[in-house]
Amino acid sequence: MAYLVEGVVNYLKPDSEVRRIGEFDTVEEAITTAQKIVDEFLSRSFKPGMDAKSLFSLYKRQGEYPFIFRDDDMSVNVPGFEHSHYAKDRAAEVCNGKK
């Protein structure tokens, strides 16, 4: 069984786009990759003085949402990773200098 990471931009909008980010042997590798997608957006978007709420709000509007599927049943977002919870926690860490 493989784990697939796909990114969605403009989620829930008519012009949403999906891209295959990668295929991984373990769920841990897939989660690490999905986290990296969120981390890179937050780091790139952070501006000095920005608070966590603003950074997370920017992620929700403009970020790429990574989802993890198993290739055997294509279950959406396997247990262990939920992009919005991760992004909210990481936004707080980035804004508090704990990159």
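The table that follows gives values for the structure above.
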quantity: Residue count, the range 65-99 (criterion: closer than 22 Å to Lys47 by Cβ, β-branched (Val, Ile, Thr) and modelled with pLDDT under 80); calculated: 0
quantity: Flag for Phe67 being in contact with a Lys or Arg (Cβ under 6 Å, 6 or more places away or on another chain) and either in a strand (DSSP E or B) or farther than 19 Å from Leu4 by Cα (or both); calculated: no
quantity: Pairs where the first residue, in the range 46-65, is within 15 Å of Glu93 (Cβ to Cβ) and the second is surrounded by 14 or more Cβ atoms within 10 Å (Cβ to Cβ) and polar (S, T, N, Q), C-beta under 8 Å, 6+ apart; calculated: Leu55/Ser45; Tyr59/Ser45
quantity: Selection count, the range 1-45, where residues are part of a helix (DSSP H, G or I) and open to solvent by less than 50 Å² (accessible area, probe 1.4 Å); calculated: 11
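The values are calculated or read from the model by the stated rules, or taken from the named source; none is laboratory data. Values in this document were obtained by computation on a predicted structure and should not be read as measured data. Glycine also receives a Cβ, built like all others from the backbone with ideal geometry; neighbour counts cover every protein chain displayed. Quick note on the areas: whole protein, heavy atoms, side chains included, nothing else; ligands and nucleic acids left out. Shrake-Rupley method; radii C 1.70, N 1.55, O 1.52, S 1.80 Å.
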